[in-house]
Every structure is written in C-alpha cells, then in structure tokens.
Amino acid sequence: MLKKSKKRSPSPSPSPRGTVVDPTAEDSDTEFINLDEDSEEEGEVSSDGEPSVVSPKPPIDPTAEPLGDEESSIDGDAVTVEESIDEDDSADDDPAPTYEELDQNIPFFDVDHLWKFAGLHGDLVKRLLAAHDDPSSRDHQAALRLVAAARAVVPDPPLQPFRDGREGTEFWQLAGKALRVGGADPVGVLAELAAAWAYVPKTPTEPAPHAAISLAVRQVKGEEFRAKQFVPMVQELVKRGPFFGRPHVKVARTKQSATETDWKKVRSIARGWVRGVITARTNGLKGYEETLSTMVKNKDLKEDRARDRLADMIYCLGRTRVCVAILHQGNEIALFANNGDKTMAVSLERLLKASRLTGPAQGAAVDDLLTFMYPNKKASREEFAQTRRRLVKTLAYLAELESRHGRIRPVPVPTEVEGMHAEMQAATVARTMPGGKLGISKLCCVKCWLALTAGLPGLFDRPLATHKNSYPWPPPQFLEEPEVLARLLDLHTDKPYLGVEDTKRLREELEERSHSAVVNAFELFSSVTNEDVGYLSSGDEGAGEPDAHTAAYQRYLSRDEPLNKNKRDATTAQTTVVPQTKKQKKT
C-alpha cells in the first residue's frame, strides 16, 4: 500500500517544448495532417494573436472533498433473530466494496505518485476503469473519484512521463481516461491526442500542439519509428472522423453559358418571381423578437441553443469572422465562418481547455477569455454579464460533449468563396456528410433561411430564425440543382407570383436543369425591410458594436435575459471594466 507522507512534495514543472525542424516526407499522400512545425504555411498564424493551446495545465484543486458512497440508514423496525442471521449471511456473501488504498492516496501529489499507485494497485485500477462508464456498477463513484484525481496531475499532453520512460498499462489507461482519449500505452495515448489536435495550427509563440508531440516521439523512439509507425497511426485515427474528406465549397454559376438562350428575358422573369416569393414569405413571418421569445420557451431546443451559443463564443473570440456556423457529429466539431481560417480551431481549443478545468482554475480561465473578447475597451454591464453567462454555459456544454464522445477534435473549414455565409458552407458539407447538428452565431438572412427551410428541408432538423433582411449574396453550388431551386422559389405553388405566361416559362426553364439567370436573380436580390435597424450585410459587417438583431439573438442565447430591446441611450448605460490578465496589467 502506497502511503502518503505528511509533507507534500511539489509537482514536477512542465517540460520545455522544443522546435520541430524536420518536415515529413514530400511523397506523403496525406493532406489533412503534418506532424511537424516547419510544414505550417506562412500567413496561417492567428491574426488574433491567441495564446498557444499547448501550455501547462492549470492545477485543479486536489483538496476538494471526494464523492463518497451513500450512507446506509438503519430501519427502526424490529427484526427476528432468524431475519438478523439471514441479513448477516447475505452481507457476508456480497460485502460492500472498500477502497482503502484509494482513500489513502488521493489526492495524488503529482503524476509520479499516480504512476506508483497504478503500479502497486493495478487490479484495483483495472476494476475501477471498467466501472467508470457504467453508472449501475457499485464501483462507479469510486471510479469517478480516481479519474478526477488523475486528471488533476496528468499533464496535457503527458510528454514528461513519456520522456521519463514511465510504463505500465494501468497507468497509461488511467492517464488516457483522464485526458478523455483511448490507448493502453504511451504511444497510443499520444497518438490519440495528436489526432485530436490534427487541425490546430501553430500560434506566434508556440508550435502546433501535434508538432510538440511528434518531436517528443522522435526524441524518445527515433525518427524511423515516428515516420513509419506513429504518423500512420495518427493519420488512421483522423481518417475515422466524420468530416474527413469533406467536399470543397463552391459558388453556383450565375453567368450565361453557351447553351442558355434568351438569358436576359429569363432573368427579368426570375427577378419578378424572386421578389414575390421573398415578399410573401417574409410578410407571413412573425418579428424576430417574437420568434425568439417562442423558441426560448421550447425545452426541446436546449441542444440547438447550446450549439448556437458555442458558435457565438467562437465569433466573440474573433469578431472579424462576422458569422460562425458549426457542425457537431461524434467527436468532431467542424467550424465555418463568413471570413474563416484555421485559427478558428485555436479559438475552439481554448474553450475546450477551459471546459476541462474546475473551480477557481476555470474561473480564472473565464476571466482570461473575457479579457480577450473585449481588448482595450469597456462593455456595458448588461453586455458583459450576458457574455459571461453564455461563456460559462458553453464550457459546461463542451464538458458534457467530451464526457459523451471523448476528446473533441476541432475541424476548421477555411472560407473558399469570399463572402459566402457560414451556414451555406455548413449546408454544403452536411449534404455530403449527413448527420451533423447545426449551430449558428447569428440570425439568418432571409436568403439563407429560405435555402435551409425551403430549398433543403430536413437537412437540419431544427427551427431557424431570420431577421428578414436580404442582401447581394454568393449562392452556394447546390442551387444549380433544379429541384433545390424549385423548392426554394416555391415554383409549383397554387398561387403563382407572376402571370400565367411568365410562370409557365419559368417552370419550363427549371424542369430539367438549373438556369444561371434564375440563380443570378436570387443572388442579387436585396431588400432591407427595416432601414432603421442599420444591420449590415454579413459580408460587410465588421467588428464594431452589435446591431439590434445580434443583440436580440445574444439575449436569446443568454436565456435568463429579457428579449425586449434595451431602450436606454448607450451613453447613459453603466459600464464595467473587463478584467485584465497579469501580463496586461504590467504593460
């Protein structure tokens, strides 16, 4: 039995990270991951200057009271001698489990203490790990205590134990469980972590996290092992992801082709029809605040709100992204934005890291994230409180996702068509790779709303709200499909939006193929229904003050806040200074 000393020894300091200088072989046919830092392209560094996602793990308070078994109460009713004997016999046959070795060793001093414990009590560790995911097991609560105690001392990633040559199946299985990855040996655990960080790029101050792991494997196992065994292992794990091999996002054709005759005439007819469709559909909708008030009362939308909230937080960590959409499926979250790049993965990884913390450590991480969201400026007390509430809710949601699906892999999808709205990019991927759940950081424009609710009904099984405005808009390639375009434009309605001859002509044009003139008419239609709102096109909106629609949507995502617009003059609103980090205070 491993006993504790009365005086705690300090935890080992985080290991220094080296620089990867050896790129992978040029003849590699993989496109999705390169485990060396030098392979990162110039210009892919985060413009936000976000801190690296590979940093020493803030300690979790190991003094927290562990969960204990429920106390058994004694019934006051009298029992016969025979009953008493029967009960004693039953207890002897199935005694309650005891965890003396566990109780005497947690909280662990450091990862070395954990390694020694796993080596001395391997059978106990194996038994508890088997019960960790089985709430019906009598060992379940003890298993949770063990893994939580391990999580407090296992480095993320566990490079130092790997470099120190720490072996033992039980230790590495426990370390993997603490980090929410699989693997029964150090190489397996590190491969799982490298796969989870496959798309996370380097930052101005640190190499890409998977490159740091690759360097450690090269140092310990040699280059041949890294190149021929470790890298293929990581690549195989990435290939299993639901968004691996995703399609390219392309724009629909909007210029006349050689086979399209009478193009201008068709476009003129289509313009009238598009105007009629959009006017009729928007007139039949409630205002966005009334719609959001109804949606917030629907308990079935809890997961949809959580995904929307996550998209909103990724937007708040990089407001030049304009609008963010996510697709969640299994252990991957794909990220899209009007102006998106690989640094979206850095933002999501920062949120994931904070979600894995508890207590004061998570509180400090929340303050750091809020400081990053509001650099060098003040926020109204209301806005700041709402953002904090949404952030805390998002961290809880991410922790829940990882408890269900294991370590989450961020999959950024850089914008390929300038100005294409995030949800249209997500829809393009979802049509090829169905099953992903959609989250959006803002209200849809009316064109995106029509494309998702009318053009692609059933693609995302969830309600969507729109601010009812429309702007010139890059059409996604799926609008070249005649059946999609016909549904979007309500082409077979019993109440046509044009006269008999024009309706007949338009239907004939879209019977067998799309017509670029019709797509062009939809692309360029623009009608702001409420000019007082001042909502800019999502292709032009920058990082300034939030418009009325965005503010209403963020109040909806905060849930606890009223949805009515704030009538106060902004100059009279109370303000609160966003907390600063120690580094910012020094500067």
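The values are calculated or read from the model by the stated rules, or taken from the named source; none is laboratory data. Since we're looking at a predicted model, the values are computed, not measured. Cβ sites come from the backbone with ideal geometry, for glycine too, and all protein chains shown count toward neighbours. Heads up: the accessible areas ignore ligands, DNA and RNA and are worked out on the full protein's heavy atoms, side chains in. Shrake-Rupley method; radii C 1.70, N 1.55, O 1.52, S 1.80 Å.
General observations
- On the stretch 392-459, 52 percent of the accessible area sits on carbon and sulfur atoms, based on a 1.4 Å probe.
- Cα centroid separation, the stretch 129-205 to the stretch 208-259 (Å): 23 Å
- Per residue, the stretch 286-425 exposes 33 Å² of solvent-accessible protein surface, assessed with a 1.4 angstrom probe and all protein chains in place.
- Positive-pole candidate from L146, A211, L114, dipole of the stretch 100-240, charges at beta carbon: A211
- Against the compact-protein benchmark of 2.2 N^0.38 Å, the Cα-based radius of gyration of the stretch 263-524 scales to 1.12.
- Each Lys and Arg contributes +1 and each Asp and Glu -1, all at the Cβ; summed about the Cα centre of the stretch 222-276, the dipole is approximately 540 debye.
- Here the stretch 100-240 is assigned +1 on the Cβ of each Lys and Arg and -1 on the Cβ of each Asp and Glu. Its dipole about the Cα centre then comes out at about 500 debye.
- Ligands, DNA and RNA left out, the accessible area of the stretch 100-240 computed with a 1.4 Å probe is 48% carbon and sulfur.
- When each of K377/K442; K297/K393; K177/K353; K286/K468; K353/K393 is checked by Cα-Cα distance, pairs over 21 Å: K377/K442
- Sites S268 and E483 - FRET efficiency at Förster radius 22 Å, r taken between beta-carbons, to 0.05: 0.40
- Between K126 and T259, the simple spin-label model (points 7 angstrom out along Cα→Cβ) gives 6.6 nm.
- Packing-based order for 203-214, 114-125, using average beta carbon neighbours within 10 Å, highest first: 203-214, 114-125
- Note on R513/N283: beta-carbon distance plugged into 1/(1 + (r/R0)^6) with R0 of 25 Å gives a FRET efficiency of 0.20.
- Residue among T415, A430, A454 farthest towards the positive dipole end of the stretch 263-524, charges placed on Cβ: T415
- Among 410-420, 294-304, 169-179, sorting by the average number of other beta carbon atoms lying within 10 angstrom of each residue, highest first, gives 169-179, 410-420, 294-304.
- Farthest toward the positive end of the dipole of the stretch 141-267, out of A198, V238, T261, is the Cα of T261, where the dipole comes from beta carbon charges about the Cα centre.
- Model label points for H492 and R240, set 7 angstrom from Cα along the Cα-to-Cβ axis, are 4.3 nm apart.
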